[in-house]
Amino acid sequence: MTSDQIDEELSETLQRLRLRPGMLQRIAGIQERRWWPEGFSFADGAAMAGAKALSEAGVDARDVGLLINTSVSRAHLEPSTAVAIHHALELPQSALNFDIANACLGFVNGIQVAANMIDAGQIRYALIVAGESSRQAQQATIDRLRLPDATRADIREQFATLTLGSGAAAMVLAAADTHPRGHRLIGGVGRAATQHHELCVGDNTRMRTDAKGLLDAGVDLAEATWAHAGQWDWQNMDLYVMHQVSVAHTSAVVDRLGLDPRRVPATFPLLGNVGPASLPLTLAHHADSLSSGDRVLCMGVGSGLNTCALEIVW
């Protein structure tokens with residue numbers, strides 16, 4: 001679903017409000033995003049990614065002791081989305097399964113929880129998944145913004161909804177001593193600035209965002225997290241895999257932290273902001289560029305606000 005297509009859908013509103021088309025590309029740097037086919041859900045995508053991850057890791061589904069679904073998308077309040085994914089993957093009855101929801105930080109939080117359970121000897125293998133769908137929210141937003149009473153303020157407030165994308169990702173975790181050739185999770189740090197919890201609020205059909213407030217507070221929190229992580233020596237990592245929001249967000253974080261932009265890959269121009277799936281999707285898209293021993297820093301800021309940085313040695 002290209003940004004030009006969305007501009008075409010909103011052409012009458014943009015003309016009436018004397019707004020230039022191309023804002024999604026000009027301001028956010030997003031050329032297109034994906035929609036799942038009709039009838040294919042985000043949970044189906046998460047299950048597909050999970051099956052692929054298990055296959056590529058050479059892990060039998062019967063050995064999985066924990067499934068964590070970290071998706072923002074959900075069809076209902078209960079039961080958890082994890083139960084549908086557990087069923088689709090035919091995981092054993094012994095496999096714990098639940099959702100962890102923390103906006104765009106859910107996937108890295110899932111990694112942290114699973115790693116601690118593996119270290120504690122409670123499970124052998126964990127599967128972390130995230131599946132997101134932007135179709136419903138974007139169609140509803142386009143319909144609202146096409147109404148004759150839609151204002152510039154409405155477009156500004158709901159602009160971020162149009163930057164979202166669809167996709168799925170999964171990761172298999174196990175104890176390092178049983179898989180010495182795997183990519184090793186080292187650890188990391190996090191910080192919270194929950195006084196900003198109302199800057200971005202969304203549901204299945206709408207996301208209300210104070211874009212400037214969210215950008216400024218998010219970059220400040222990223223800087224505070226970076227200052228706290230001085231003992232980790234993260235200034236010269238081989239790859240910085242950031243949660244994908246927009247060109248403005250990426251540039252602001254890179255500038256504030258003094259990172260080499262050549263080491264910060266971007267997937268948002270063609271995939272949009274795929275919520276908690278965007279960080280692992282970006283890592284997967286650039287995994288072929290990594291060599292054994294390379295240091296990777298996974299970094300994200302999630303609505304709320306929370307931030308996290310995790311180091312992986314390839």
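Which residue is surrounded by the most Cβ atoms within 10 Å (Cβ to Cβ), if the candidates are limited to the range 19-37 and must be among the charged types (D, E, K, R) and touching a residue at least 60 places away in the same chain (Cβ under 8 Å)? Among them, the one singled out is R33.
Within the range 206-231, if we keep just the residues that are assigned to a strand (DSSP E or B) and not β-branched (V, I, T), the residue that is surrounded by the most Cβ atoms within 10 Å (Cβ to Cβ) turns out to be M207.
Restricting attention to the range 54-74, the residues that are within 28 Å of L221 (Cβ to Cβ) and surrounded by fewer than 19 Cβ atoms within 10 Å (Cβ to Cβ) total 1. Among the residues of the range 75-96, those that are open to solvent by less than 60 Å² (accessible area, probe 1.4 Å) and either in a loop (DSSP other than H, G, I, E, B) or modelled with pLDDT under 95 (or both) comprise S80, L89, L91, P92, A95.
For the range 131-190, the candidate set comprises residues that are touching a residue at least 60 places away in the same chain (Cβ under 8 Å) and β-branched (V, I, T); within that set, the residue that is nearest to L67 (Cα to Cα) is V172. Scanning the range 97-124 for residues that are in contact with a strand residue (DSSP E or B) (Cβ under 7 Å, 6 or more places away or on another chain) and among the charged types (D, E, K, R), we see that the one that is surrounded by the fewest Cβ atoms within 10 Å (Cβ to Cβ) is R124.
The range 97-176 holds helices (runs of 4 or more DSSP H) entirely within its bounds, and those carrying 1 or more residues that are closer than 22 Å to E12 by Cβ, modelled with pLDDT of 95 or more and of a type in the set (G, A, S) map to 135-145, 152-158. Residues that are in a helix (DSSP H, G or I) and open to solvent by less than 30 Å² (accessible area, probe 1.4 Å) within the range 8-18 comprise T13, L14, listed in sequence order. Listed by first and then second residue, the pairs with beta-carbon distance under 7 Å, at least 6 apart or on different chains, first residue in the range 203-226 and at positive phi, second open to solvent by less than 70 Å² (accessible area, probe 1.4 Å) and outside any helix (DSSP H, G or I), form an empty list.
Scanning the range 232-282 for residues being surrounded by fewer than 17 Cβ atoms within 10 Å (Cβ to Cβ) and among the polar types (S, T, N, Q) gives a total of 3. Among helices (runs of 4 or more DSSP H) entirely within the range 242-314, having at least 2 residues that are in contact (Cβ under 8 Å) with a residue 40 or more places away in the chain and under 22 Å from R184 (Cβ atoms) singles out 278-285. Applying a threshold of 6 Å to beta carbon distances and a minimum spacing of six or more residues, or different chains, the list of pairs starting in the range 45-71 at a residue that is closer than 11 Å to L173 by Cβ and ending at one that is open to solvent by 20 Å² or more (accessible area, probe 1.4 Å) and among the charged types (D, E, K, R) reads G65/R124.
The values are calculated or read from the model by the stated rules, or taken from the named source; none is laboratory data. Fair warning: this is a prediction, and the values are worked out from it, not measured in the lab. For neighbour counting, all protein chains shown are included, and Cβ atoms are generated from backbone atoms with ideal geometry for every residue, glycine included. Surface accessibility is based on the protein's heavy atoms, side chains included, excluding ligands, DNA and RNA. Shrake-Rupley method; radii C 1.70, N 1.55, O 1.52, S 1.80 Å.
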